[in-house]
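Here the structure is laid out as structure tokens; the discussion comes afterwards.
The values are calculated or read from the model by the stated rules, or taken from the named source; none is laboratory data. Everything numeric in this text was worked out from a predicted model, so none of it was measured. Neighbour counts run over all protein chains shown; Cβ positions are idealised from the backbone, glycine included. Remember, those area values only see protein heavy atoms, side chains included, never the ligands or the DNA or RNA. Shrake-Rupley method; radii C 1.70, N 1.55, O 1.52, S 1.80 Å.
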Amino acid sequence: MAYPIKAFHRDDVVTDLGNTHRGLGLVLKSHLDDSDSESEEDDEEDPWRRRSKRQIPPNYHRVAFAGDNRVPFRTLPASRLELEDRSFLPGDIAKFPIGNGSKEQSGTVYAVRMLVDLGNNLTKKEILSIDTRELRYANTILEGDHVIYRDWLGVVRQTYDEITLLFPDSSVCVVREPLSCLERIHSDSPFATKRLYPGAAIQCTRGVLRRARWIKGSGTYMVKTKKVVQKMALVLDVCSHALRVSWCAHNPLKSPSTESATMTRKDSASPESPVTIDGTMSPAHDIAVQETPSSVIYDVENIRVLKSCYDNATYQIGDRVEFRNRTSEVSIPSLSSESTLSLASSASTDVSRITSTYTILRTITAVDILWQDGTRSVDVKATELIPCTNLDEQEFWPMDFVVGKVPAAQSSRSSSPKYDSTSLASASSASLVGSRIGIIRTVSSAERTCEVSWFSDDMKMSTSETSELSVYEVGSHAEWSFRLGHRVLVTSRPEQKDKSRLLVVDPDPTEWVGEVTDITELGMIVVRFPLTEREQQFLPTHLLLLEDLEDNIPKDSDDEDVDDDAETASDEVDFDSDGNSATGSQRFSASDEDALPDSESWVDDDIADFTPRVPPLEREGDALRAKADDESSSSDDDEDDDWTTASDSASEYGGDGVATGGGINGGAVQHQTEPCAHLASLTSPSERGGLSASSEHLALGKWYDRFAVMEGEPPKDHRFLHAAVDSHDMSYLRRVRAEHQMLATGLPDGILVRAFEARLDVLRVLIVGPPHTPYEYALFLFDMLIPATFPLDPPFLHYHSYTGGLGRLNPNLYEDGRVCLSLLGTWHGKESSETWTVGSSLLQVVTSVQGLVLGVENPYYNEAGYDRFVGNLEETRNATVYTERAFLLSARSVLHILNHPPEPFAEEARAFFFKPMENLERLVTRCKGVVVRTEAARSVAGKGGHGVGEQGRDGGDVGLMRTVSKGCLKLLKTLVVQLQAKIDAYREQEGERERGSASTV
């Protein structure tokens, strides 16, 4: 069931229709957002944090209200909320909701205008409809700001403030300790004051007053008195006296100096009395600055803050601001007792005037958008748009830099300039050579096509010449992903010969870091330098994206913890291009028979109770969609008289479905109709990870051994062929042999596994694409390594991608071979049953890949956390687009396997695609059907086309794609011709063979 369109996103401004007295609120989280990952200890200490970790029901949102003083947030249904405003930044991707004329396209926000209502923090008077370009934040330096110091660029991680306080008797002191603001709001609310600002009312303890530095008045009576009212104060000024900074880059136009420089910690108020970061006094001393400055900087006066020209779009309700270009000062009023501070009317005039600060009470946002088709919309209300957060890797927008995906066979026809394909994030270096670099002009999101202009050898571009391509034929440039608002470093200045086509100004020494404000039609990047407020155009080759450097910035130990990259967890053991491990030196083989125990004692005491498990298949769509027919299932038993039945195997293997010996070192291994007792206990063949009787054409295990041990070494292209491993004890060898036996008896149909006598620690796996998925009629090859720490650690699994550099065909299968699976530790599952334990097995791994990775109709929802989008109308199109790509690339991988049959499955692949199984003809028939239906639909729809592909089963067609987009159709028609040629060539060979046999007779 689909969700209603009324949905809210993080940072949306809303009102509660059920209680308007709460005022405006901010959406903190919805059920569509990623769940937070905090430690259990923190949850136990803070009840509100524990509540914030609770799962949010569908159509509910967690909202914090500015006028709610009792609780930090409330969880409310969408029906009770009304959208008041929505925030966007330049460079964001947005679209109209479904049904609001979006035409299936999105656009790039290139301008934001925001009006706000302000409330004076002292007088409480409101000022309406102020343009945010007139404002700035009340605090000069904020956490997350970029700063420059001594030719180094860094990110502010923490600020240490010096706070000037005014007391009722006009006494003034300076404090360098954290102070809390007096306000009637829950401390865990996002509207609670986390940092003081001028005009804030605070309360000091006597200990703080003793350590304060008094600049007017002695403050003696305040230390002695016990009256609470005497400890109230008003903040006059807040400035940072020290910063903790993470340094990310040195000025690339200069070489880092190796000579030591001297920097002295100095207190601006008392140069002879330097202070430490916590405000206590310490002797003056020098700090030797080598190449990288210290992470804690006291020389704040020489810190230069890089403010963005897009700061006007970053404000939210509750932010503290002041006017940028005018000094709006008011005399301090006589406050009532309810205000927690009463200033004497005799306060001196030199300290009784404070720069007014304001709190943002309401926002109204409008944006300008450049759509994918090149058209523009101006002054669009932000509430009419929705943000696009889950972007497809084959989605592009005007002025995006792309690389042409040119297969190796076509590289001789590719034009300049050449580009090293190894830097493509989404392309395989083995399959792309001589790729071209271009810039997107327009995109037809519905048709999945784009117009591209290409750079020449000397990086010149003609705007009059464009090429219409399928979006599957181009990929995002890995290094030139420039968008509005991105920070960039200038790595080199334009040469003299290039200055004729560049807007060049005399460079300033500070103009080496700026932000992108525009991208011209000629592919020039317009960069604004914050310190000089000047703009200059650069070729992309002269710039470096700062975010590429910030990803590698190590945070200090006292910073917030960073979630581990689940997708790279398998990198704990690295392998080089030949599969060599970083540790270990000894291999073992099946020839070491003396080291192996007798077959009757394979199972050691520590694994005597070991039984394999199957992965949990609970989510809808995760299991295979095969529909078993009871009658056809019973007929299978009659046809397979040579096979061991489930009851016979139970008797032979002691009733537990696991063999205790035999059938491993070569020779045929008999299979069970029901492979294992734990598999037979599941409710349907699809849940068992196998194939239904209606899918006999995919039952490769019916013709070949599902498990076998091959003689000799693994194939030369095995990923882990040269991986050296540590020596193994007896329990490891026993466990490996037990795993082999479980594979021999427990593999479901559609999975073939081969071990090798010379290397029992490596396996090769061939998995048949499950029925009713985009992967049907395709084969998928994996290499596996059983590490020396097995079974304490999971095996390593490598996927052989045959998509030719055109992208991923599954969110869990990467082109570099990574397999994202919680069981392997490469993705953290939410349930303990999804993680690897000593009781897990290799059988569980391969069945998980077949059932959980490949056995899905909509692989889009396999992306980590995307299962929460199932049924969301806005995500349905994304899922269809992903399925279309999976269908196309799956068919493309078949062509590669036909040209390069994988060993030792060459014979099996030939039988699968040709006789006796003839699945290649079935695949071609399906593809031809898609082509015919798509062309018919386009003919009916007219020249404009019919849009993106359509999913669904059509009569007897088991395929999921009924029609495809124009971009997919272009490649699919070419692919059909190539696959049909393979069938014709096979038939011709078979005809010649039959004629030869007849002539011999």
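Between residue 520 and residue 907, the modelled label-to-label distance comes to 6.6 nm, taking each label 7 Å out from Cα in the direction of the beta carbon. Measuring r between the beta carbons of residue 467 and residue 835 and using R0 = 51 Å, the FRET efficiency lands at 0.60.
Each Lys or Arg adds one and each Asp or Glu takes one away; over the other residues whose Cβ falls under 11 Å from the Cβ of residue 519, this sums to -2. Once all protein chains are placed together, residue 361 keeps about 60 Å² accessible to a 1.4 angstrom probe.
Across the protein chains, with a 1.4 Å probe defining accessible surface, the residues 95, 307 rank 307, 95 from largest area downward.
The slack between residue 389 and residue 82, meaning 0.36 nm per residue of separation minus the straight C-alpha distance, is 108.4 nm. When the pairs 29/381; 254/307; 95/125; 716/928; 95/973; 405/973 are compared against a 28 Å limit on Cα-Cα distance, 95/125; 716/928; 95/973 fall above it. Placing a pseudo-label 7 Å from each Cα along the Cα-to-Cβ vector at residue 381 and residue 722 gives an inter-label distance of 6.5 nm.
Counting other Cβ atoms within 10 Å of each Cβ, which trypsin sites (Lys or Arg not before Pro) in the range 696-798 have at most 16 and sit in a DSSP loop?
Details: sites: 702, 706, 716, 719, 734, 735, 737, 754, 759, 764; in loops: 706, 716, 719.
Taking the range 696-798 and a limit of 16 other Cβ atoms within 10 Å, the loop trypsin sites (Lys or Arg not before Pro) found are 716.
Distance from the Cα centroid of the range 773-818 to that of the range 841-857 is 11 Å (rounded to whole angstrom).
Heavy-atom accessible surface of residue 246, to the nearest 10 Å², is about 10 Å², with a 1.4 Å probe and all protein chains retained.
For residue 521, the solvent-accessible surface with a 1.4 Å probe is about 120 Å², rounded to the nearest 10.
Distance between the 7 Å Cα→Cβ label points at residue 373 and residue 59: 3.3 nm. If you plug the beta carbon distance of residue 974 and residue 925 into 1/(1 + (r/R0)^6) with R0 = 22 Å, you get a FRET efficiency near 0.80. Maximal additional length on extending the residue 918-residue 324 stretch stands at 206.4 nm, based on 0.36 nm per residue less the C-alpha distance. Per-residue accessible area (protein heavy atoms, 1.4 Å probe) orders 31, 896, 61 as 896, 31, 61, starting from the largest.
Annotation: extensible slack from residue 713 through residue 184 equals 183.1 nm (criterion: 0.36 nm per residue apart, minus Cα-Cα distance). Using 1/(1 + (r/R0)^6) with R0 = 41 angstrom and r between the beta carbons of residue 995 and residue 939, what's the FRET efficiency to the nearest 0.05? The value I calculate is 0.45. Going by accessible surface with a 1.4 Å probe and the largest first, 472, 861 read 861, 472.
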